[in-house]
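Following: one structure in structure tokens, then a few remarks.
The values are calculated or read from the model by the stated rules, or taken from the named source; none is laboratory data. Since the structure is predicted, the reported quantities are computational estimates derived from the model, not experimental observations. In this analysis, Cβ positions are derived from the backbone assuming ideal geometry, glycine residues included, and neighbour counts consider all displayed protein chains.
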């Protein structure tokens with residue numbers, strides 16, 4: 001018999017403490033003391049990797065990972081733990097995800113693989129001119145982001161509720177206890193949250209957010225400040241009792257719509273009917289054979305993640321005579337040349353074809369046409385000894401479509417969760433409100449209490465310019481009810497022969513997610529690194545233009561060698577937030593990105 005919510009909280013001692021001193025050891029099953037503050041995460045903090053035997057939770061914040069660990073210890077499923085983790089993440093790292101956003105969930109129950117789509121949708125009153133000025137020009141990115149215009153219908157909560165009906169073991173209300181307790185008692189502001197608050201130029205413009213996250217002099221809350229969120233606690237209590245209806249109808253829904261439509265400078269088009277009509281989708285996952293040994297599975301469109309990352313890896317696999325991948329523990333110049341060229345080809349196809357499948361047909365009638373070996377072989381033949389500058393899209397299956405390629409624009413956001421439980425269930429879930437702090441609108445759910453949750457700006461993941469100069473439409477343009485293209489790429493890896501689950505992984509980082517995931521897969525399965533060492537590798541990206549290398553991680557000779565081949569090369573921070581759990585001989589080994597706050601906990 002599952003105990004009542006109060007009884008379970010007493011039994012588990014859900015204090016959500018961070019085991020800083022025990023991060024290199026298997027966590028104790030006993031209740032943990034509350035720390036003075038979560039793990040510091042400014043700059044680079046080396047992570048040890050975590051060896052676990054039965055079950056594991058990898059999340060972007062220690063308090064969230066501990067919530068998931070305790071739900072698993074209480075007999076909850078991987079899906080139960082993911083709900084508890086996500087609710088805490090929305091509280092302690094509000095810049096990345098929360099109730100006001102969406103998510104993609106890839107779930108394995110030991111036999112069936114499901115892709116649960118909780119992506120936001122465009123309001124019914126939206127149209128392709130949403131981000132055009134009165135003169136017909138696309139708005140500047142931040143001009144579109146801040147305010148109500150870019151707020152899509154949030155989907156994460158309704159998706160998790162649907163997935164819980166299929167995969168949950170503990171009562172729905174139980175899973176909200178950790179986040180409610182933290183919201184009521186408070187948590188210590190982390191260095192990362194403090195730094196992002198300090199750096200953001202727009203959040204202070206929202207009166208509710210300014211009063212909650214900043215002091216009277218305009219400075220951000222300091223590191224270690226105990227932040228309570230009574231408004232979010234009230235919303236979570238209602239959801240725990242009444243389900244998602246407490247969010248999509250009633251006072252919470254009215255408050256969301258009011259803030260979106262009555263924004264003084266940039267109102268949006270969201271209506272109550274949009275919230276009430278939101279439907280999560282249960283899609284068929286996409287899987288691709290790689291290196292003849294692995295079946296790499298991920299999300300279909302509207303995600304571009306699995307297709308683009310596996311195009312890159314598939315193109316590399318087609319190239320003759322392997323090159324030395326790592327030199328002194330870093331990707332070599334020869335490897336980076338090949339990778340950059342493959343990425344250009346893949347991102348050219350991404351810009352041309354990928355969008356919501358309910359609105360856009362796949363090339364040649366099947367999204368797998370973009371991953372067909374013959375097509376990849378033909379595309380790989382374009383990779384030579386010198387940089388191709390910019391790539392053009394291909395024509396898979398010989399069936400061109402009349403779309404215009406989407407122009408480059410910024411992408412942001414997200415948080416990733418990977419979980420395996422002792423019963424053989426596993427998941428990878430990436431959630432987001434898009435840009436840091438989303439639309440910079442804080443909803444208190446109509447309670448009038450301090451705090452609340454931030455609303456997304458996911459509609460800026462649509463093309464700001466809906467058509468090209470010839471009038472041809474962009475596949476990923478705004479349309480009513482449409483889901484914007486995403487780079488979120490929750491990934492599960494299986495043994496291609498026996499079907500055994502081998503890994504769960506994913507990352508935040510906008511379009512960089514695709515590269516961060518690809519790097520981790522290469523590290524795990526081509527370079528034979530453990531999850532932590534694979535995540536630790538320097539990051540590198542190319543979005544069909546310049547190659548960007550993680551600042552300070554590559555020697556000058558590598559940059560010079562790439563430039564000698566004609567590449568434009570620059571250095572940048574590339575702050576990924578990878579999480580990964582891999583099967584090994586002793587059970588499960590977890591890794592978390594040293595660039596952020598994440599940890600892996602379990603037993």
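Summary of computed values
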| quantity | calculated |
| --- | --- |
| Single residue of the stretch 456-469 satisfying the filter (under 16 Å from the mean Cα position of the chain (by Cα) and outside any helix (DSSP H, G or I)) that is farthest from residue 105 (Cα to Cα) | 457 |
| Residues located in the stretch 282-295, provided they are surrounded by fewer than 16 Cβ atoms within 10 Å (Cβ to Cβ), in a strand (DSSP E or B) and under 23 Å from the mean Cα position of the chain (by Cα) | 282 |
| Residue match in the stretch 105-121 (condition: under 23 Å from residue 231 (Cβ atoms) and either surrounded by 20 or more Cβ atoms within 10 Å (Cβ to Cβ) or within 21 Å of the chain's Cα centre (by Cα) (or both)) | yes |
| Candidate set from the stretch 387-399 (those that are farther than 16 Å from residue 544 by Cβ and surrounded by fewer than 19 Cβ atoms within 10 Å (Cβ to Cβ)); member that is modelled with the lowest pLDDT | 399 |
| Those residues of the stretch 426-440 which are over 13 Å from the mean Cα position of the chain (by Cα) and not in a loop (DSSP other than H, G, I, E, B), in sequence order | 426, 427 |
| Residue within the stretch 88-95 that is assigned to a strand (DSSP E or B) and surrounded by fewer than 24 Cβ atoms within 10 Å (Cβ to Cβ) present | no |
| Counted residues, the stretch 222-253 - those being within 11 Å of residue 444 (Cα to Cα) and surrounded by fewer than 19 Cβ atoms within 10 Å (Cβ to Cβ) | 2 |
| Meets criteria (surrounded by fewer than 24 Cβ atoms within 10 Å (Cβ to Cβ), in contact with a helix residue (DSSP H, G or I) (Cβ under 9 Å, 6 or more places away or on another chain) and under 22 Å from residue 105 (Cβ atoms)) for residue 524 | yes |
| Sole residue being surrounded by fewer than 20 Cβ atoms within 10 Å (Cβ to Cβ) and within 24 Å of the chain's Cα centre (by Cα), chosen from 274, 200 | 200 |
| Those residues of the stretch 203-221 which are part of a loop (DSSP other than H, G, I, E, B) and either in contact (Cβ under 8 Å) with a residue 40 or more places away in the chain or surrounded by 12 or more Cβ atoms within 10 Å (Cβ to Cβ) (or both), in sequence order | 206, 215, 221 |
| Members of the stretch 441-455 that are outside any strand (DSSP E or B) and within 21 Å of residue 118 (Cα to Cα) | 441, 445, 452, 455 |
| Residue check for residue 268: more than 20 Å from residue 458 (Cα to Cα), modelled with pLDDT of 95 or more and assigned to a loop (DSSP other than H, G, I, E, B) | no |
| Residue in the stretch 128-136 that is in contact with a helix residue (DSSP H, G or I) (Cβ under 8 Å, 6 or more places away or on another chain) and either at pLDDT below 95 or more than 26 Å from residue 227 (Cβ to Cβ) (or both) present | yes |
| Enumeration of residues in the stretch 184-202 that are closer than 25 Å to residue 144 by Cα and either in contact (Cβ under 8 Å) with a residue 40 or more places away in the chain or in contact with a helix residue (DSSP H, G or I) (Cβ under 7 Å, 6 or more places away or on another chain) (or both) | 193, 195, 196, 197, 200, 202 |
| Filter result for residue 315 (in a helix (DSSP H, G or I), under 18 Å from residue 559 (Cα atoms) and touching a residue at least 60 places away in the same chain (Cβ under 8 Å)) | no |
| Long-range neighbours under 6 Å by Cβ, at least six apart or interchain, first residue within 20 Å of residue 145 (Cβ to Cβ) within the stretch 239-263, second assigned to a helix (DSSP H, G or I) | 257/272 |
| Count - residues of the stretch 117-159 that are more than 20 Å from residue 276 (Cβ to Cβ) and touching a residue at least 60 places away in the same chain (Cβ under 8 Å) | 17 |
| All positions within the stretch 221-237 that are touching a strand residue (DSSP E or B) at 6+ places or on another chain (Cβ under 9 Å) and farther than 11 Å from residue 187 by Cβ | 221, 223, 231, 232, 235 |
| Residue ranges of helices (runs of 4 or more DSSP H) in the stretch 470-576 with at least 3 members over 28 Å from residue 424 (Cβ atoms) and over 19 Å from the mean Cα position of the chain (by Cα) | 556-564 |
